[in-house]
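**Student:** What follows is a single structure, and I will ask about it in a moment.
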Amino acid sequence: MTYCKECLSKQQKINNLEEEITTLKSKLRYQERTAKEGFFGSSTSSAKIPVKPNRQKEHQRNRGGGKAGHQGHGRGSICEEDADKVEKISIGNICPDCGSALEQKGTKARTVIDCQPVKMKKIVYHLQRKHCPKCKKLISARAPGVFAKCLYSNQLLAYVAVQHYIYGNTLGQIEKQTGIGYSSLIDAMHQLSKRLKDVPNALIAAYRASEVKHADETGWRTDGNNGYAWLFCTPKISIFRVRKTRSASVPKEVFGEKPVPGVLVVDRYNGYNKLPVEIQYCYAHLLRTVKDLEKDFPENAEIKSFVEALAPQLANAISLRTLDITEAQFNRQATKIKNEIITITNRQSKHPAIQKIQDIFREKADRLYHWADDRNIPADNNLAERELRTLVIARKISFGSQSDAGARTREILMTVLHTLKKKTTDVTVAFKSALDKIAEQADIDPNKAIFSFDSS
């Protein structure tokens, strides 16, 4: 059909308008989807949005403290008639300081609250006391399995910490189990974290030295304000940080300024990009971004063809290292998948959405193919994402931390316990044993006491 010059001009305008309408429709679909998935974009899941709780629920939640008519739990002694166990603790006859013979000086009652998982029991220890006539000191036996000036046994502290920070049971639920007041449980966890405050820093050196590292972050409220919980982990180490910001300053706390060996697996959040370490972008995030193109442009044939070509290759890259194949087979298949991805992402395309994806693979090639060079490097960040689910669940239940002190306690105890969980089959028993060592030896390094059975 032949058009006159004027008709041709009008037809061109109509075509341009139709194309503009299609683009606007796609943008609208994208905006609607983004509003549902979160404001951090396709590389960050909706779980990372700082959750603003329902105000009515927030005011209704348990703020701790004694209830009306509740007698509370103090550090005073209990009657022996009410005790589940009364035990005499003896000491030797020689002064540990000067070696002189000790003189009998009666006993001193020491009350400790202990537990046999879930079932609470009250114990009264009769601590033998003796006097050294030479150095004039009063020597007293120690109550086993308990810190000085602490009402609760190490068994109980380990149980509460593991139940709360690993299994996600709320302190309100633990209060019902143990009969110990909410505020007392909070105070016990604060005191415990202070004893272990240097352990996370000791783990950072091991994390930096690891050949493969992971990092991720999710929304976390502290004292009613939006913030973030960060995770830096390996298969053997977990380091948590709770901060008010999502800036690059947080990962810099962990990585420092000097070059770090190995590879860091992360999503495409730019807060990681300037760290002194090689980076591998997560293919699971990229795969979701690619598949989302079909949601945004469901009627576009070029989009459909691009997704059908690229998505399977990204999925193959993710699953390749899990296959039961030899190293030589892995290398051949990895090279083949990598070359296919490069070919697909280098093809000329007219669609701007495809071009945007292709630009990622062309401009960030140095952050996309470490998995193909080393089987030990995963093409996804699933390790960190799975471990962050504990925090996501805790956030839904508690809405975050009630104070800065609570946030600090959480990051310390979660770091200790989640790392310990990766090294032992029974974290409660291992943690209790470590606390016993720390309580008995004032000069012991808590990091060595907790992880002495595994130096890696």
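**Student:** Could you run the Debye sum over the Cα atoms of region 78-144, one equal point scatterer each and no solvent, and tell me log10 of I(q)/I(0) at q = 0.17, 0.21 Å⁻¹, two decimals?
**Tutor:** For the requested q values the scattering log ratios are -0.63, -0.79.
**Student:** Let me ask another. So if I place +1 on the C-beta of Lys and Arg and -1 on the C-beta of Asp and Glu, and nothing else carries charge, what would the dipole magnitude of region 81-138 be about its Cα centre? I want it in debye, nearest 20.
**Tutor:** The dipole of region 81-138 has a size of about 220 debye.
**Student:** Moving on to the next point. Cut-off is 10 Å between beta-carbons; in what order do Glu278, Glu18 appear when sorted fewest neighbours first?
**Tutor:** The fewest-first ordering by Cβ neighbours comes to Glu18, Glu278.
**Student:** How do Ile204, Ile450 rank when sorted from fewest to most other Cβ atoms within 10 Å of their own Cβ?
**Tutor:** Ranking Ile204, Ile450 by Cβ neighbours within 10 Å, fewest first, gives Ile204, Ile450.
**Student:** A further question on this structure: Over all directions, the average projected area of the alpha-carbon convex hull for region 283-380 comes to how many nm²?
**Tutor:** In nm², the orientation-averaged hull projection of region 283-380 is 5.9.
**Student:** 5 Å is the cut-off here: which amide hydrogens, built 1.01 Å from N in the peptide plane, fall below it relative to Ile139, excluding neighbours closer than 5 in sequence?
**Tutor:** HN-HN under 5 Å from Ile139: Lys130, His131, Cys132.
**Student:** Show me the ranking of peptides 337-350, 422-435, 154-167 by mean Cβ neighbours inside 10 Å, starting with the highest.
**Tutor:** The most tightly packed comes first, giving 154-167, 422-435, 337-350.
**Student:** In terms of Cα to Cα distance under 30 Å, which lysines are near enough to Lys105, apart from those fewer than 8 places away along the same chain?
**Tutor:** Cα-Cα hits under 30 Å: Lys85, Lys88, Lys121, Lys122, Lys130, Lys134, Lys136, Lys137, Lys149, Lys437.
**Student:** When Glu217, Glu253, Glu385, Glu20 are ordered from fewest to most other Cβ atoms inside 10 Å of their Cβ, what list results?
**Tutor:** Taking fewest neighbouring Cβ atoms as first place, the list is Glu20, Glu253, Glu385, Glu217.
**Student:** Another question, if that's okay. When only alpha-carbon atoms are used, what values of Rg and Dmax, in angstrom, describe region 226-287?
**Tutor:** Cα radius of gyration and Dmax of region 226-287 are 11.8, 33 Å respectively.
**Student:** Considering only DSSP beta bridges with both partners in region 76-150, what is the antiparallel share in %, to the nearest 5? Numbers along the way, then the final one.
**Tutor:** Working: 16 of 21 bridges.
Rounded to the nearest five, the antiparallel share is 75 percent.
**Student:** Let me ask something additional. Per residue of region 173-181, what does 6.51 cos²θ - 1.76 cosθ + 1.60 with θ = phi - 60° give for ³J(HN,Hα)? Whole Hz please, x for Gly and Pro, Karplus curve as stated.
**Tutor:** In residue order, the calculated couplings are 5, 5, 4, 5, 5, 9, x, 8, x Hz.
**Student:** Considering only C-alpha atoms, what is the centroid distance from region 109-167 to region 372-448, in Å?
**Tutor:** Computed from Cα coordinates, the inter-centre distance equals 25 Å.
**Student:** If you don't mind, another one. Mind putting together the pair-distance distribution for region 191-324? All Cα pairs, 10 Å bins, whole percent per bin, short to long.
**Tutor:** Spelled out per bin, shortest first, that is 11, 31, 29, 20, 8, 2, 0.
**Student:** I'd like the Karplus ³J(HN,Hα) series for region 349-364: coefficients 6.51, -1.76, 1.60, θ = phi - 60°, whole numbers in Hz, and an x wherever there's a Gly or Pro.
**Tutor:** Running phi through 6.51 cos²θ - 1.76 cosθ + 1.60 with θ = phi - 60° gives 9, 9, 7, x, 5, 5, 4, 5, 5, 4, 4, 4, 6, 7, 7, 10 Hz.
**Student:** Apply the Karplus parameterisation 6.51 cos²θ - 1.76 cosθ + 1.60, with θ equal to phi minus 60°, to every residue of region 265-278 and state each ³J(HN,Hα) to the nearest whole Hz, in sequence, with x for glycine and proline.
**Tutor:** Computed from phi, the couplings for region 265-278 are 9, 8, 7, 8, 5, 6, x, 9, 5, 9, 6, x, 8, 5 Hz.
**Student:** Moving on. Long-range amide H contacts for Ile89: which residues qualify at under 5 Å (H placed 1.01 Å from N, peptide plane, sequence gap of 5 or more or a different chain)?
**Tutor:** The list, which skips near neighbours in sequence, is His126, Leu127, Gln128.
Read-outs throughout are calculated quantities, based only on the coordinates presented, and are distinct from any laboratory measurement. Every value quoted in this text rests on a predicted model; they were computed, and no experiment measured them. Cβ: placed from backbone, ideal geometry, glycine included. Neighbour counts: every protein chain shown.
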